[in-house]
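Computed from the coordinates by the stated procedures, all read-outs in this text should not be read as laboratory data. Just so it is clear, the structure is predicted and the values come from calculations on it, not from any experiment. Every residue, glycine as well, gets a Cβ built from its backbone with ideal geometry; the counts of neighbours run over all protein chains shown.
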């Protein structure tokens with residue numbers, strides 16, 4: 001049969017194994033609890049970090065939207081000013097063409113005649129007085145064509161100024 005020593009050794013071994021198993025389970029449950037606590041803390045920290053990043057992005061978007069609206073308002077005001085300047089210039093050109101057509105205004109040019117030619121002398125007219133050099137009066141149709149050419153140039157310059165103003169506003173907004 002089994003001796004008392006063998007039974008005692010088996011019981012002792014069973015007690016050691018039980019004690020070891022209990023200690024192992026207790027250590028494992030403690031480590032699991034610590035790991036779960038650490039994991040929960042990390043998850044909360046990550047969530048707070050994500051929320052802070054989202055708030056920062058939302059604030060940045062609002063700031064950019066305010067800047068964009070201000071730029072759009074500024075550009076619209078500039079566009080309105082340039083449009084009004086163009087309309088005024090066109091109205092002035094139309095008045096000038098009308099005055100030329102009705103002979104209310106005459107265009108003349110300085111003549112370069114070697115040896116003192118026989119151009120129209122300087123005299124007092126509705127447009128003013130030019131003293132000195134001989135002048136030649138332009139045909140009304142030629143004067144109309146000259147005014148039309150200068151009108152086109154003026155409109156081009158106004159459009160260029162509007163473009164330059166637009167680019168300046170964009171450059172200032174991006175700084």
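Below are the figures for this structure:
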item	result
Length added when fully stretched, residue 133-residue 31, from 0.36 nm per residue minus Cα-Cα	25.8 nm
From the C-alpha gyration tensor of the chain, square roots of 5λ in Å	105, 15, 11
Using alpha-carbon coordinates, inclination of helix 140-174 to the longest axis of the chain, degrees	20 degrees
R0 of 45 Å, Cβ-Cβ distance residue 98-residue 66: FRET efficiency to nearest 0.05	0.40
Gained length - residue 20 relative to residue 155, 0.36 nm times residue gap less alpha-carbon distance	38.8 nm
Angle between the chain longest axis and helix 4-101 axis [Cα atoms, degrees, rounded to 10]	10 degrees
Stokes-Einstein diffusion coefficient of segment 51-105, Kirkwood radius over Cα pairs, 20 °C, 1.002 mPa s, in µm²/s	144 µm²/s
Nearest-0.05 FRET efficiency for residue 59 and residue 86, computed from C-beta distance (R0 35 Å)	0.30
